[in-house]
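The values are calculated or read from the model by the stated rules, or taken from the named source; none is laboratory data. From a predicted model like this one, the values you see are computed outputs, not experimental measurements. So basically every Cβ, Gly included, is an ideal-geometry build from the backbone, and we count neighbours across all protein chains shown. The area values use the complete protein model at the heavy-atom level, side chains included, leaving out ligands, DNA and RNA. Shrake-Rupley method; radii C 1.70, N 1.55, O 1.52, S 1.80 Å.
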Amino acid sequence: MSEPELEPPAAAEKKKAAALQRKKGTAMAASIRLGRRAVFIALRAIKPYKLTVQNRLIIQDKRQWTAGWTGSGFRHLFQSPSVCGVAPLEVQMPALSPTMEEGNIVKWLKKEGDEVAAGDALCEIETDKAVVVMESNEDGILAKILVQEGSRGVRLGTLIALMVSEGEDWTRVEIPALEAVTLTTAPPTAADPAPPLTTTPSAPKQLRLSPAARHILDTHGLDPHLAKATGPRGLITKEDALKLLNQSGERLSAPPAAAVAPPAPFSVSPPIAPSTGRPTFPALSVPGKPGMPGTFTEIPASNVRRVIAQRLTQSKSTIPHAYASVDCDLGPIMKLRKQLATEDIKVSVNDFIIKAAAVSLREMPEVNVMWSGDGLQALDYIHISIAVATPRGLITPIIKDAANKGLQEIAATAKALAQKARDGKLLPEEYQGGSFSISNLGMFGISEFSAVINPPQACILAVGGTRAELRLAPQNPDGPVLCTQQLMTVTLSSDGRLVDDELASRFLEKFRTNLEQPQRVSVP
């Protein structure tokens, strides 16, 4: 009797693979049957007679019910807003200036449910430069406002609102799950219960305090170990220090009868000297009560003020400033202004200064430069930035192509830009890209001053007020005689890497010549 032949290994492997495939097919068929059964059970639970799909009413009788769901019925069901909601159009915090990192929502100009066309104003956003109107890029309906008015420090790219397309039901917009994360990052409110203080001895640990919190704790002699840190990575913030100070003030102002009361959750022992090594002082002030000597009130800085501080620090620490001054005679300008006034043409001294500076830059292009990472960068445009003081801080709108503009056009442009700057309505392109700055404090009675360069520009011209002085006039044919001159001092702050002292002196001489001969520069 012969032994059965053994199957080759390859044939055995094929049989195993075929058996495994049959098992998978059986399992998949069972899953499909179960899924189909679950779908039809769900369909029976839906009212069969009326279904609203994209604002259309579909009427079906019972005989059409089962057959109607074999094809387009499924598409109608799963496209219906009542089942899966409306896909949103996301509105994110935009970058409205090159240096902007975050913004504040000042005011929403549209309400939820309002129709929005492309180009319509959605909201006002305070950037690091001004309050800018954000326009919509899409047509649709504003469905949900996620970041409310008054919100501060909203980072770029943060989802601030949702829109839906025209014709969609905006009340059924799908809100992304990210919204829940945004809500949890809100700062703690004053209504949060204060954590109980404890004096249980614990192992010493490294304390991290903000400068404001350190000042409050040191001034009032409070132990920083008693404060509960709510800042990132265990940082004790100013709010934590004020909360501890408030609790200490309530404890010290309690009546004597409180001594027989049940023990409070915190200790009434004298405050322990802080571990900072600084001198301690008694707690003299409590929030909400009149301030005592040595106390202060911290006022939050606006985005504009923070950026001004950052850029000024950057300018003075990275740019080698050089200064040069010269006196200019304004007599010819005063005469020309009187002549123009008779023709009902109103221009200011500052308009003549802007024009003279622009023409001087055109005649000396080596001054019309800026510093880049690789060195000197010559500019082929002359845009004059004029410093304007606003309630939010200093901002510099620009007069573009000033060398080719007439005095009347410069005057009208400067007036309009200054008003928009004070109203906070400047557009980004109206204050970005200047090549030379002018700051005039003469109207405030300042005789002369030195200004800080506005990076990456190379120069800024500081203009003082006019003054009358007696001087000799050697041009008189009868000999030198005394005459009264209207003089104005201007100071050029220049980047020593780009404009050296000799070049700055030649530029000031050219500027003075152009300013004292206004007919030469008044024509474009």
### Message
Against the definition (under 25 Å from residue 332 (Cβ atoms), surrounded by 13 or more Cβ atoms within 10 Å (Cβ to Cβ) and in contact (Cβ under 8 Å) with a residue 24 or more places away in the chain), how does residue 434 come out, yes or no?
### Response
no
### Task
Return the total of residues in region 341-363 being over 18 Å from residue 490 (Cα atoms) and touching a residue at least 60 places away in the same chain (Cβ under 8 Å).
4
### Query
For residue 416, are the conditions met, namely being free of Cβ contacts under 8 Å to residues at least 60 places away in the same chain and farther than 26 Å from residue 126 by Cβ?
no
### Message
Step by step: first the residues of region 120-146, then only those that are in contact (Cβ under 8 Å) with a residue 40 or more places away in the chain and surrounded by fewer than 18 Cβ atoms within 10 Å (Cβ to Cβ), then the one that is nearest to residue 431 (Cα to Cα). Which residue is that?
### Response
133
### Message
With the requirement that a residue be open to solvent by less than 70 Å² (accessible area, probe 1.4 Å) and either in a loop (DSSP other than H, G, I, E, B) or within 15 Å of residue 411 (Cα to Cα) (or both), what does region 368-380 give you?
### Response
368, 379
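Going residue by residue through region 81-89, is there one that turns out to be of a type in the set (Val, Ile, Thr), modelled with pLDDT under 90 and loosely packed, with under 15 Cβ neighbours inside 10 Å?
Of region 81-89, the ones of a type in the set (Val, Ile, Thr) are 83, 86.
Going one step further and asking which of them are modelled with pLDDT under 90, we end up with 83, 86.
In the following step, the residues that additionally are loosely packed, with under 15 Cβ neighbours inside 10 Å were identified as 83.
Yes, the conditions are met somewhere in region 81-89.
May I ask you to verify whether residue 186 is farther than 24 Å from residue 423 by Cα, hydrophobic (A, V, I, L, M, F, W, C) and either modelled with pLDDT of 85 or more or surrounded by 12 or more Cβ atoms within 10 Å (Cβ to Cβ) (or both)?
Numbers: farther than 24 Å from residue 423 by Cα: yes; hydrophobic (A, V, I, L, M, F, W, C): yes; either modelled with pLDDT of 85 or more or surrounded by 12 or more Cβ atoms within 10 Å (Cβ to Cβ) (or both): no.
It is false that residue 186 is farther than 24 Å from residue 423 by Cα, hydrophobic (A, V, I, L, M, F, W, C) and either modelled with pLDDT of 85 or more or surrounded by 12 or more Cβ atoms within 10 Å (Cβ to Cβ) (or both).
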### Task
Would you check which residues across region 470-497 are among the charged types (D, E, K, R) and either in contact with a Ser or Thr (Cβ under 7 Å, 6 or more places away or on another chain) or not in a strand (DSSP E or B) (or both) and list them?
478, 497
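Answer with yes or no whether residue 455 is assigned by the TED database to the domain that holds residue 371, open to solvent by less than 60 Å² (accessible area, probe 1.4 Å) and under 26 Å from residue 364 (Cα atoms). Steps first, please.
Working: assigned by the TED database to the domain that holds residue 371: yes; open to solvent by less than 60 Å² (accessible area, probe 1.4 Å): yes; under 26 Å from residue 364 (Cα atoms): yes.
Taking the combined requirement at face value, the residue satisfies it.
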### Message
The conditions are (1) open to solvent by less than 40 Å² (accessible area, probe 1.4 Å); (2) charged (D, E, K, R); (3) at pLDDT 85 or above, and residue 218 fails exactly one of them. Which is it?
### Response
(3)
### Query
Is there any pair with a first residue in region 302-313 that is outside the structural domain of residue 106 (by the TED database) and of a type in the set (Gly, Ala, Ser) and a second that is modelled with pLDDT under 85 and assigned to a helix (DSSP H, G or I) whose Cβ atoms are under 8 Å apart and which are 6 or more apart or on different chains, and what are they?
none
### Task
Could you tell me which of the residues 466, 484 is surrounded by fewer than 13 Cβ atoms within 10 Å (Cβ to Cβ), more than 15 Å from residue 323 (Cβ to Cβ) and assigned by the TED database to the domain that holds residue 365?
484
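Being assigned to a loop (DSSP other than H, G, I, E, B), open to solvent by 40 Å² or more (accessible area, probe 1.4 Å) and either on the phi < 0 side of the Ramachandran plot or not assigned by the TED database to the domain that holds residue 416 (or both) is the filter here, so list the residues in region 329-367 that pass it.
Initial filter on region 329-367 (assigned to a loop (DSSP other than H, G, I, E, B)): 330, 343-348, 364.
Right, trim to open to solvent by 40 Å² or more (accessible area, probe 1.4 Å) and you get 343-344, 346, 348.
Passing the criteria: 343, 346, 348.
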